[in-house]
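Here is the structure we will look at.
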Amino acid sequence: MDAILLQVLNGLDKGGAYALIALGLTLAFGTLGIVNFAHGALFMLGAFCAVALNKLLTLEKVTLDPTQKTPWGAPLEIRTPYVEAWLGDFGKFLVDWSVPISILVVVPVMLLIGIAMERGLIRHFYKRPHADQILVTFGLAIVLQEIVKHFFGANPIPVPAPAIFAGSADVGALFGLPPNTIVYPWWRLIYFLFALVVIGIVFAFLQLTTFGMVVRAGMRDRETVGLLGINIERRFTIVFGIAAIVAGLAGAMYTPVLPPNYHIGMDFLVLSFVVVVVGGMGSLGGAVLAGFLLGILQSFASMNEVKAIIPGIDQIIIYLVAVVILLTRPRGLMGRKGVMED
Amino acid sequence: MFKRNARQDLIFFLVFSAFVLSMPVLLAPIGAGYPDLLQKFAIYGLFAIGFNILFGLTGYLSFGHAAFLGVGSYAAVWMFKLLTMNVIPAIVFAVIISGLFALAIGYVSLKRSGIYFSILTLAFAEMSYKLAYSVLTPLTNGETGLQVKLRASGPVTDLINQDVRVLDAAMGIEENGIPAPSLFGLEITGWQAFYLCAVMLIAGFYIAMRINRSSFGMMLRAIKSNQNRLNYTGVYPRPYLLAAFTISGMYAGLAGALLAVTDPLAGAERMQWTASGEVVLMTILGGAGTLLGPFLGAAVIKYFENIFSAINENSLHAVLSFLPDPVENALVSVLSMFVGEGWHLTLGLLFMLIVIFLPGGLIEGFNRLIGLFTRSRKQTTGENREEA
Amino acid sequence: MAAILQITDVNKSFGGLRALWDVNLTVEEGTVHAIIGPNGAGKSTLLNCLVGRLKPDTGSVTFEGRPIIGLPPHRINQLGIARVFQTPEIFEDLTLLDNVLIPAMAKEDGAFRLNAWQRVTRRRALIEEAEHILEDVGLADQRHRIAAALSRGDKRRLELAMCLIQKPKLLLLDEPTAGMSRADTNNTIELLKKIGEKGITKIIIEHDMHVVFSLAHRISVLARGTFIADGTPDEIKGDPKVQEAYLGGAHL
């Protein structure tokens, strides 16, 4: 029981990341008909927004303290972040909370990037074959990740979560288990909740606003909506921006779980495409469901008991599920009929 | 297209062969006249030519062809380890194994089309890649990669680190240190390696040309053009697709074997999906569906990879030293993004530019140029459109 | 004359909608059989059931005494049934000659043959035949053009040529003149009459009564998923049920 619960928990944060990426991917595909291989790069850019903000906030002023000596006899260097020097305790707070604060940066930056991408590139590929879309966005993904690599290097860059979330939660106690049976890092719990909130906001937006209504109608039948005299193009630009924001948020908040490097986007992209396909191309609910399911499934496959029976299963479980789903249920778990079945 | 008669094809083929064989001389002026680079042209050319039989003719975009390249490499190195350093069994075995592997993966993946097919091939390739690193370590030697080792003198307990080379041993071939691949006693290194690859490339090109001009090739084009119509025309597309998939997998296996011949080491990173992306790029860059395009694309990419990766900030400073210092420094810092380690950035940009502006690749670009010059003299119609 | 196609008690529904309702039809060998009926009567659904695009829920279809329900489209074609679609289905990126050669090769090679070494240019007999057919439909001078460049009317004629080269026993024509000018329509009628002489059995779905009465030996009227009348053109002209179905009586 506790082992199962632990694995479910372990799958939640990764599942949350999959779900968020797949959500944006599906949104872009369902509305714009674009197969976006650069979507993983948007996740990566979000993560590096958090990295950049953290670096900026921790830029340090070096002062020499002649009263203290290092063991080698030189004056001790004291490094204090500028923000701390200027703002005191509030500065300390900013540094500590840099990851959650990065949300404020990620939203506008990713919106701009998304809009620029749609206007500058994606828009010209609506009528081109899917193969061309895949290829051009694949090229874009390489470009984006190489640019990041140029500025941030090739190694993963750790970004800490706020100190208050540094420890682990005794989740087992909540379920009446003895203390410390299931401990789970706070931040990963936060990430899961964050993913739920973002998903909730996106769904609420699509369900409750007129904008969302038009977008949903456009997902079903683009031409008719266009005929109604609604400027669907502009709305779709914004949809792409939203997809970019969702991917960016997913990336930024994931930094304390997994230090990002320049190709983290590619790693997640392949898996997210699999998630989208399993969920059903064009189904938002399917993407979210499949994201969590596959995240959890993956953590179960990493259990030693499972690996003992089927060696290597943890490495390939997601792909295996994708193959089985595609062959038995080509529309995925919740896909609509006729989506890309040419 | 295929309406070219057999004689025109023969001339085209002879010119191509002559060019490939004289690349060491012809390409020396642009700094490519050495075997390490030229054999890459040939190997990746083969890879792309084979990929083109699937993607160029049928339009089915596989994102997993690097897996067959990797399997070919492993198979070849195993032949070196177990049987003989002679390259022929290694190449034959690699082509057969990767062909079987492609047959199996293709059989499953081709149950779907469009993006679903792409995702299936991607999933299979990633599975192969991950398994090569983990469970299949006894076959692949994991991250270290599979290498040719010394022949065991005593009883063999560990095939990864102790080679047997049964055939060589039976024939009484002496080994001092780790031997190089050979062809009946002729050591395959340096220029010999290039000429081996070149001969394979020429053979591969000839087969691709015949497929292109054949009834089979026409059916593949018909699949790309309108699969629905083909169904109602009495043709069952799937076996055609599976045959094309398997043949292209065998080309990839051949390329993988040649990689192992030129450097007897097989690693899993060859199977990663970005490597599959590279062969797509080569094919597109040259011109998908054309005969010459894939080789051209592969050669151009490998050439510029070689040039661009070799440039570093120092060499940029040296070239731009005539400029005023601030300008020089600014220019160097911008340019350095695109060279050396940043070569992939250039590659990505190139990829985008080609897909955006020249979906037909370099061959289409040439044709447009030729068209510009000839249009004034005669009206161009579909009939005299050049399709190399 | 023997029946070449026998449709017995065919039913097909989509969700709750019943598209075909106990459909029975016998097509005699060598005749031109027209199926007419108002929009939404189920004509295209019926054709789709004949070529293997759709599978009827119940009932049987036999072609030359062989049941064909459940066979994939390529098998049905190989038995000798060819179809012209309402919107021309051709190989847009290939030349006209290739477009006609492909069905010819399919006829000769069967559903699959791995002849990767045989040059297309060596198949002289087929090429000659293809050029003849293109001449018959009046497209011979354009045979090296890419099919996408053709006008809509020419695309239809090309598709017809693609079917004719297979010398089918049964040719299904789905509105072969829809959207054509009067002159083009008359040309097509002449063309269809000409191939009629070759003894190919044809089923024509058509709205244009001029075409129907110029060609058909027999007419069946489909309304709301079932045949309401069946007879010679003269019998159909005077049938009050047909007039009711066409003049909207069915809806009033």
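The single condition from (1) surrounded by fewer than 16 Cβ atoms within 10 Å (Cβ to Cβ); (2) within 20 Å of the chain's Cα centre (by Cα); (3) without any contact (Cβ under 8 Å) to a residue 60 or more places away in the chain that residue C:191 fails is (1).
On the basis of being open to solvent by 40 Å² or more (accessible area, probe 1.4 Å), part of a loop (DSSP other than H, G, I, E, B) and away from chain B (no Cβ under 13 Å), does residue A:66 make the cut? No.
Scan the range C:232-241 and tell me whether some residue there is closer than 21 Å to residue C:86 by Cα and of a type in the set (S, T, N, Q). Checked against the condition, which is being closer than 21 Å to residue C:86 by Cα and of a type in the set (S, T, N, Q), the range C:232-241 yields no hits at all. Please work out if residue C:217 is in contact with a strand residue (DSSP E or B) (Cβ under 9 Å, 6 or more places away or on another chain), closer than 30 Å to residue C:59 by Cα and modelled with pLDDT of 85 or more. So residue C:217 passes the test.
If only residues of the range C:106-122 that are in contact (Cβ under 8 Å) with a residue 12 or more places away in the chain and part of a loop (DSSP other than H, G, I, E, B) are counted, the one that is surrounded by the most Cβ atoms within 10 Å (Cβ to Cβ) is C:111. Confirm whether residue C:28 is farther than 30 Å from residue C:8 by Cα and open to solvent by 20 Å² or more (accessible area, probe 1.4 Å). Against the criterion (farther than 30 Å from residue C:8 by Cα and open to solvent by 20 Å² or more (accessible area, probe 1.4 Å)), residue C:28 does not qualify. Under the condition of being within 7 Å of another protein chain (Cβ to nearest Cβ) and assigned to a helix (DSSP H, G or I), the residues counted in the range B:337-364 number 10. Of the residues contained in the range A:175-197, none is found to be assigned to a helix (DSSP H, G or I) and at pLDDT below 75.
Among the residues of the range C:148-167, those identified as open to solvent by 10 Å² or more (accessible area, probe 1.4 Å), outside any helix (DSSP H, G or I) and in contact (Cβ under 8 Å) with a residue 40 or more places away in the chain are C:150, C:166, C:167. Only one entry of B:101, B:68, B:117 meets the criterion of being open to solvent by less than 10 Å² (accessible area, probe 1.4 Å) and at pLDDT 95 or above, and that entry is B:68. State whether one or more residues within the range B:10-28 are under 19 Å from residue B:297 (Cβ atoms), in contact with a Cys (Cβ under 7 Å, 6 or more places away or on another chain) and in a helix (DSSP H, G or I). There is no residue in the range B:10-28 that is under 19 Å from residue B:297 (Cβ atoms), in contact with a Cys (Cβ under 7 Å, 6 or more places away or on another chain) and in a helix (DSSP H, G or I). Of the residues contained in the range B:176-192, none is found to be outside any loop (DSSP other than H, G, I, E, B), modelled with pLDDT of 85 or more and open to solvent by less than 20 Å² (accessible area, probe 1.4 Å).
Scan the range B:124-160 for residues that are in contact (Cβ under 8 Å) with a residue 60 or more places away in the chain, open to solvent by 30 Å² or more (accessible area, probe 1.4 Å) and in contact with an Asp or Glu (Cβ under 7 Å, 6 or more places away or on another chain) and the total you get is 2.
Taking each residue of the range C:82-105 that is free of Cβ contacts under 8 Å to residues at least 24 places away in the same chain and at the interface with another protein chain (Cβ under 7 Å from one of its Cβ atoms) and looking for partners that are of a type in the set (Gly, Ala, Ser) and open to solvent by less than 10 Å² (accessible area, probe 1.4 Å) with beta-carbon atoms closer than 7 Å, six or more apart or interchain, yields C:105/B:215. On inspection, residue B:10 fails the criterion of being at pLDDT 90 or above and crowded, with 24+ Cβ neighbours inside 10 Å.
Every condition in (1) open to solvent by 10 Å² or more (accessible area, probe 1.4 Å); (2) outside any loop (DSSP other than H, G, I, E, B); (3) closer than 29 Å to residue A:157 by Cβ; (4) of a type outside the set (A, V, I, L, M) holds for residue A:265 except the one numbered (1). Of the residues A:94, A:144, the single one that is free of Cβ contacts under 8 Å to residues at least 40 places away in the same chain and either hydrophobic (A, V, I, L, M, F, W, C) or touching a Gly at 6+ places or on another chain (Cβ under 9 Å) (or both) is A:94.
The set of residues in the range C:215-246 being assigned to a helix (DSSP H, G or I), open to solvent by 40 Å² or more (accessible area, probe 1.4 Å) and either under 15 Å from residue C:47 (Cα atoms) or touching a helix residue (DSSP H, G or I) at 6+ places or on another chain (Cβ under 7 Å) (or both) is empty.
Of all residues in the range C:9-21, exactly one satisfies the criterion of being closer than 20 Å to residue C:67 by Cα and surrounded by fewer than 14 Cβ atoms within 10 Å (Cβ to Cβ), namely C:9.
Among the residues of the range B:219-261, those that are farther than 30 Å from residue B:186 by Cβ, under 23 Å from the mean Cα position of the chain (by Cα) and either open to solvent by 10 Å² or more (accessible area, probe 1.4 Å) or within 7 Å of chain C (Cβ to nearest Cβ) (or both) comprise B:221, B:224, B:240, B:242, B:243, B:246. Among the numbered conditions (1) within 14 Å of chain B (Cβ to nearest Cβ); (2) crowded, with 21+ Cβ neighbours inside 10 Å; (3) over 28 Å from residue B:344 (Cα atoms), the only one that residue A:288 does not meet is (1). Looking only at residues in the range A:117-139 that are assigned to a helix (DSSP H, G or I) and open to solvent by 20 Å² or more (accessible area, probe 1.4 Å), which one is farthest from residue B:332 (Cα to Cα)? Selected residue: A:130. Across the range B:226-262, which residue is farthest from residue B:43 (Cα to Cα) among those that are in contact with a Pro (Cβ under 7 Å, 6 or more places away or on another chain), without any contact (Cβ under 8 Å) to a residue 24 or more places away in the chain and assigned to a helix (DSSP H, G or I)? Across the range B:226-262, the extreme among qualifying residues is B:231. Across the range A:140-189, the qualifying residues are those that are open to solvent by less than 40 Å² (accessible area, probe 1.4 Å), within 14 Å of chain B (Cβ to nearest Cβ) and β-branched (Val, Ile, Thr), and the one among them that is nearest to residue B:273 (Cα to Cα) is A:142. Pairs are defined by a Cβ separation below 6 Å, a sequence spacing of at least 6 or placement on different chains, a first member in the range A:112-128 that is within 14 Å of another protein chain (Cβ to nearest Cβ), and a second member that is not in a helix (DSSP H, G or I) and not polar (S, T, N, Q); the pairs so defined are A:122/A:34.
The values are calculated or read from the model by the stated rules, or taken from the named source; none is laboratory data. Because the structure is a prediction, the values reported are computed rather than measured. Note that each Cβ is placed from the backbone with ideal geometry, even for glycine, and that neighbours are counted across all protein chains shown. Accessible surface areas use protein heavy atoms only, side chains included; no ligands, DNA or RNA. Shrake-Rupley method; radii C 1.70, N 1.55, O 1.52, S 1.80 Å.
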